[in-house]
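The values are calculated or read from the model by the stated rules, or taken from the named source; none is laboratory data. Keep in mind that what you see is a predicted model, and the values were worked out from it rather than measured. Every residue, glycine as well, gets a Cβ built from its backbone with ideal geometry; the counts of neighbours run over all protein chains shown.
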Amino acid sequence: TEEALNHAQRLESVGQLTGGIAHDFNNLLTIIQGNLQVLEELPQLAADGYAQQLVAAAARASRRGAELTGKLLAFSRRQMLQPDAVDVRQMLHSLTDMLRRTLDQRIQIEIDAADPCPAVRADPGQLESALLNIAINARDAMPEGGRLHFRAEACDALPATVRQELSGADAGRRFVALSIADSGTGMTDAVLEHIFEPFFTTKEAGRGTGLGLSTVYGFVKQSRGAIAIDSKVDAGTTVTLYLPQIEDDTASASALADEDLADTE
Ligand code: ADP
């Protein structure tokens, strides 16, 4: 639809703009951090506790700045995907193992992945960070704990709204549906309307950048898939990614790879 196209174009230009700024800013931060390091090691500084404190505070702030520019760069780096065959089932298992070790124990993590589940064609690193982004949003929506449910299965029929989002040829391909459901706060329609916009966040300053879902959106679009979000206030949210299955014959798979290369130019 036209709206989706406008959105993708806006995202593209914001991505380029952000990438440029983040890159230059990162260079400046490198200079600042380099100078701070020299300062920290000066013998004169060791004698002055107050000056030491000031330098340490500046070093902390520039580290935070470097983290933020790192996120901005990740957001704009969508252009450089390296698609490969991904075993979604295996990826979900290693991701949930990691989440079980790190998330609040009150969050119960479940996984239902078809066995076997068809391989999808996506950049494995980017897919993993997309899933992590979605899982972290789910965690933030369940401060008192709850249920985090991952599912993966071949998708026989795309929902109509999703089919409309995909361009003609892509809608005819086969997909795997990968969903992450939480039992958290859910979202109002007013929030839902903006979630894919870069920098839109309802989280307090310092906690959210508002780049999570816009990055996921860009990644999914570039992988020629689609994303759908279902949410109900006080009930929870389900995010579903539709990713293209690897075609059986290698000829069409490499034709796809060529098309993608053309896309990024
Ligand atoms: P951030 O997490 O930095 O705020 P995102 O783009 O990932 O940025 O998310 C944007 C906003 O969407 C969040 O601030 C939150 O309001 C809302 N949101 C995203 N995922 C969920 C979820 N699972 N449950 C409730 N709200 C969500």
| Is there any pair with a first residue in the range 196-215 that is touching a residue at least 40 places away in the same chain (Cβ under 8 Å) and at negative phi and a second that is within 6 Å of the ligand (Cβ to nearest atom) and small (Gly, Ala, Ser) whose Cβ atoms are under 9 Å apart and which are 6 or more apart or on different chains, and what are they? | PHE196/SER214; PRO198/GLY210; PRO198/SER214; LYS203/GLY210
| query | If the Cβ limit is 8 Å and pairs must be 6+ apart or interchain, which residue in the range 175-191 that is among the acidic types (Asp, Glu) pairs with which residue that is modelled with pLDDT of 95 or more and assigned to a strand (DSSP E or B)? | reply | ASP182/GLY146; ASP182/ARG147; ASP182/LEU148; ASP182/HIS149; ASP182/GLY236; ASP182/THR237; ASP182/THR238
| remark: Here the residues within the range 17-55 that are small (Gly, Ala, Ser) and under 30 Å from GLY212 (Cβ atoms) are GLY19, GLY20, ALA22
| said: Among (1) among the acidic types (Asp, Glu); (2) modelled with pLDDT of 90 or more; (3) within 30 Å of ALA22 (Cβ to Cβ), there is one condition GLU153 misses while meeting the rest; what is its number? | reply: (3)
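Residue-wise test of (1) buried (at least 16 other Cβ atoms within 10 Å of the Cβ); (2) touching a helix residue (DSSP H, G or I) at 6+ places or on another chain (Cβ under 9 Å); (3) of a type outside the set (D, E, K, R).
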position: LEU11; (1), (2), (3): yes, yes, yes
position: ASP24; (1), (2), (3): no, no, no
position: GLN52; (1), (2), (3): no, yes, yes
position: ARG60; (1), (2), (3): no, no, no
position: PHE75; (1), (2), (3): yes, yes, yes
position: VAL86; (1), (2), (3): yes, yes, yes
position: ARG89; (1), (2), (3): yes, no, no
position: LEU92; (1), (2), (3): yes, yes, yes
| If you go through the range 188-221 one residue at a time, how many are of a type in the set (Val, Ile, Thr), under 13 Å from the mean Cα position of the chain (by Cα) and more than 8 Å from the ligand (Cβ to nearest atom)? | 1
| Can you name the number of the only condition in (1) over 25 Å from ILE136 (Cβ atoms); (2) in contact (Cβ under 8 Å) with a residue 40 or more places away in the chain that ASP84 fails? | (1)
| message | Looking at the range 170-187 only, could you name the residues that are within 16 Å of the ligand (Cβ to nearest atom), in contact with a strand residue (DSSP E or B) (Cβ under 6 Å, 6 or more places away or on another chain) and either assigned to a loop (DSSP other than H, G, I, E, B) or of a type in the set (Ser, Thr, Tyr) (or both)? | response | SER179, SER183, GLY184, GLY186, MET187
| remark: Residues of the range 210-250 being within 23 Å of ARG163 (Cβ to Cβ) and polar (S, T, N, Q), in sequence order, are SER214, GLN222, SER223, SER231, THR237, THR238, THR240, GLN245
| query | Out of ARG139, ARG100, ARG163, ARG106, which single residue is in contact (Cβ under 8 Å) with a residue 12 or more places away in the chain and surrounded by 13 or more Cβ atoms within 10 Å (Cβ to Cβ)? | reply | ARG139
